[in-house]
Every structure is written in C-alpha cells, then in structure tokens.
Amino acid sequence: MRVELNVPESVGEPRLWVKHQPVLAMALRPGSIEMGSRRSEMSRFTYNAGEMSLIPHHLEKWFRNEDLHYLSIAVSDAALTAASDGTSGEVELRKTDNLVDARLDALVEAVNAERIAGFPSGRLFLDSVEQALAVALVNGYAVRHRSVQTHRGGLGSARLRRIKEFVDAKIEDELTLREMAQSVELSRAHFARMFRKSTGESPHQFVLRLRIERAMTMLRADDARVVDVAVACGFKTQQHFARVFRHVCGVSPTDYRLESQHYRATS
C-alpha cells in the first residue's frame, strides 16, 4: 500500500496522471480538481471534505490540481486478489466519484492519522488496514468477483502457538501481515480472518499486546530505561511507546516502573 498526500500545485499546465494500481483518494478539505481523458477535454470535479474517489487499474488521465488537498492510497493487486479468495487475474473495480462510505472513511482516516503521526505503528498496521480496505472494495465495488468465503472455526492451537513463537522471536523487528501468514502457511486474507475468529483480536492488536506485556516485564527491572524498553519491544519512538503503554495500562511507562519498584520495596 502506498500513501501520498497531494496538495494544490501552482503549475497551471495540465499533467498526465498514470496509475497502474487502484487508488482510493479522499478530499481532506472542500475543493475541486480538473480531469479528463484528453488535455483539451477536461471537466471539473468538486469534493466535500471526506468524499472519496475510487480510481481503477491503469488510469491515464490529464489533470490540473490548483485547489484540492487529498490523500491517495494505492491498494496492491496482491491485497485485492487475496480479498477475493485468490481469484486469478486482476480484480476490476468500478470507477466511482464523490464516494461516501462509512467503512472506507474510517479506514482512510486511520491511515491519515498514522501518516500525520509519522507512521509510528509500522508496516503491520498498514498491512492490516490495506487488507481491510481490499475486502471492503472487493465486496462493495468490484465489477465481478467471487463472494468472499466465510470459514467456520479458526486457527488450531498448534498454529496459534507457532504464531506466538514467531512474534516473540521477532518482536524487536518490523513485522508484516505477510510474514505472520507465511509462518503458518496461509494467505494474508485467510489468516487475518481466521486469526480474529480464534483470538478476538486483529494481528496488529495481538502484536501490540505482546509488546506491551514484554515491556511491563522489562520495566519491572531496576535498571530498565524507558527508551531501551521501547526499542527492545519494537516501537519506533519512545513517544509512540509511551502513548500505547498509557492507553493499555492507564499509566505512563515511567510511573509503572516507579510503582513496581515501590511495591517491591514495601512488600
């Protein structure tokens, strides 16, 4: 998944826009953009903040943007194919302008918030959002596709144990949804569905929980520095670690360490 912030340009001449992957674009504020199949035949499209445009494969359009701030998200063919349960060939999506869809809106807003924060949650978060976007697009906007299959049950105990061992071994590293799925020999889409059925958590939530659990153990050591714990548990910045830790535990990492030390001293 590729994420780009697009802002108005001062260049008055139209430019050719070539996109070989489906793109979902959301207006971040009201504005308009000119676009057309030919440079001499362009029309103006106006968007309210939050409205989206779904642009299918292999778009070649002339455009001029002197007004519109928008976020564009290119969704990979691999994610779309996985969301359609491995249907061969490209998944064909319908071109849709001024699109309003609550589920897509929530996912794009999550990506934008992550972008503004500097992408602290890592590749696994973006992989998970991309897969959710792909499922929503295939279900709601594919021209033709097989229905996404539903599966009973979930992952077996052996696979869940292998996933936990895999995450424990790589918890300091950048994890991806593909790597987690490959560790139990499943496709990304099937793995994500089965994992949630089995645990009630998304893969991203699961990894965050294991990272926080390890951080709590490390912070109980007398010589633990918060910055070292953050790095050892796979967080890109100390600030992101502190924010996630407070959200999960209700206190900052520093306060948690001090409370643990006080408890040991008085017990």
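So which residues in the stretch 239-254 are in contact (Cβ under 8 Å) with a residue 24 or more places away in the chain, among the hydrophobic types (A, V, I, L, M, F, W, C) and under 12 Å from VAL229 (Cα atoms)?
Answer for the stretch 239-254, where residues must be in contact (Cβ under 8 Å) with a residue 24 or more places away in the chain, among the hydrophobic types (A, V, I, L, M, F, W, C) and under 12 Å from VAL229 (Cα atoms): PHE241, PHE245.
Name the residue, out of ILE171, ILE212, that is farther than 18 Å from SER76 by Cβ, open to solvent by less than 50 Å² (accessible area, probe 1.4 Å) and assigned to a helix (DSSP H, G or I). Before you say what the answer is, go through the steps one by one.
Numbers: ILE171 fails: assigned to a helix (DSSP H, G or I).
Going through ILE171, ILE212 in turn, the sole match is ILE212.
Evaluate the following for LEU137: is it in a helix (DSSP H, G or I), in contact (Cβ under 8 Å) with a residue 24 or more places away in the chain and open to solvent by less than 20 Å² (accessible area, probe 1.4 Å)? Break it down stepwise before answering.
On the way: in a helix (DSSP H, G or I): yes; in contact (Cβ under 8 Å) with a residue 24 or more places away in the chain: yes; open to solvent by less than 20 Å² (accessible area, probe 1.4 Å): yes.
Yes; evaluated as a whole, the condition is true for this residue.
Could you tell me which numbered condition ARG246 fails, if it satisfies all but one of (1) of a type outside the set (Val, Ile, Thr); (2) open to solvent by 30 Å² or more (accessible area, probe 1.4 Å); (3) outside any helix (DSSP H, G or I)?
ARG246 satisfies every listed condition except (3).
I'm checking my understanding of the structure. Among residues of the stretch 20-34 that are in contact (Cβ under 8 Å) with a residue 24 or more places away in the chain and open to solvent by 30 Å² or more (accessible area, probe 1.4 Å), which one is nearest to ILE73 (Cα to Cα)?
Initially, the stretch 20-34 is screened for residues in contact (Cβ under 8 Å) with a residue 24 or more places away in the chain, giving 20-29, 31-34.
Imposing the further condition that a residue be open to solvent by 30 Å² or more (accessible area, probe 1.4 Å) reduces the set to 20-21, 28-29, 34.
Numbers: HIS20: 12, GLN21: 10, LEU28: 13, ARG29: 17, GLU34: 19 Å.
Looking at the filtered set, the residue picked out is GLN21.
Which members of the stretch 158-185 meet the condition of being small (Gly, Ala, Ser) and within 19 Å of CYS233 (Cβ to Cβ)?
Selection gives ALA169 alone.
Rundown of residues vs (1) buried (at least 18 other Cβ atoms within 10 Å of the Cβ); (2) assigned to a loop (DSSP other than H, G, I, E, B), yes/no style:
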residue	(1), (2)
LEU155	yes, yes
LEU160	no, no
GLU185	no, yes
PHE191	yes, no
VAL251	no, yes
ASP255	no, no
GLU259	no, no
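The values are calculated or read from the model by the stated rules, or taken from the named source; none is laboratory data. Given the structure is predicted, the values throughout are model-derived calculations rather than measurements. Neighbour counts are summed over all protein chains in view; Cβ atoms, including those assigned to glycine, are modelled from backbone coordinates with ideal geometry. Calculation scope for accessible area: heavy atoms of the full protein, side chains included, ligands and nucleic acids excluded. Shrake-Rupley method; radii C 1.70, N 1.55, O 1.52, S 1.80 Å.
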